[in-house]
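Inspection log for the structure reproduced underneath, given as C-alpha cells.
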Amino acid sequence: MSKNGIKVIEAVRELASAQPDYVYGQRICVYVERDSVGEWRPSCLVGQALWSVGLIDEGWLDVNNELHNTQEIRVINRPCGFGFDNDEVNWLGRVQRLQDSGTTWGEAVRIVDRAATPV
C-alpha cells in the first residue's frame, strides 16, 4: 500500500462515516467545483478525501488538465502523481462508481469493503 493511498482511503471512510446517508447529486464525479461565491471547493467523496489530505486544493486545476476533474481515479492517478497502487485505485474507483450511481456514501464504502481485497 502507498502512503497516499492509505491516507485517502482512511479519509473516504471517515467522510462516509460522518455522512453515511449522503447521496452525491451529480451523475459523474467532479473532484472540485466553484461554490456560490466563486471559490473552489471539493465536491465528490473522493475529491473531498483528496482535498482533506492535501493532494488537491483550489489550485489543482491550474496545474492539471481540466479533463482530470471528471475522470475516474484510475485515469488520473499517474498523471496527477497520486501514486496509488492497483488495489487502492480499484477500491477508490468502485466507491466512485457507486457514488455516481446514487448509492449513499456509507453504503458505497460497505459494498466495496465486502467485495474488495482489504486495503
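Of everything in segment 43-80 that is assigned to a loop (DSSP other than H, G, I, E, B) and among the hydrophobic types (A, V, I, L, M, F, W, C), the residue that is farthest from the chain's Cα centre (by Cα) is CYS80. Against the conditions (1) out of contact with any His (no Cβ under 8 Å at 6 or more places or on another chain); (2) free of Cβ contacts under 8 Å to residues at least 60 places away in the same chain, VAL95 satisfies every one except (2). Taken as a whole, the structure leaves GLU66 outside the set of residues that are surrounded by fewer than 18 Cβ atoms within 10 Å (Cβ to Cβ), touching a residue at least 24 places away in the same chain (Cβ under 8 Å), closer than 20 Å to ARG27 by Cα and not polar (S, T, N, Q).
Can you confirm whether GLU39 is out of contact with any strand residue (DSSP E or B) (no Cβ under 8 Å at 6 or more places or on another chain) and either surrounded by fewer than 16 Cβ atoms within 10 Å (Cβ to Cβ) or in contact (Cβ under 8 Å) with a residue 60 or more places away in the chain (or both)?
In short, yes.
The set of residues in segment 15-36 that are part of a helix (DSSP H, G or I) and loosely packed, with under 14 Cβ neighbours inside 10 Å comprises SER17, ALA18.
Candidates GLY59, GLY106: the one that is out of contact with any strand residue (DSSP E or B) (no Cβ under 6 Å at 6 or more places or on another chain) and at pLDDT below 95 is GLY59.
The values are calculated or read from the model by the stated rules, or taken from the named source; none is laboratory data. Note that the structure is predicted; figures quoted are calculated from it, not measured. All Cβ positions, even for glycine, are placed from backbone atoms using ideal geometry, and neighbour counts span all protein chains on display.
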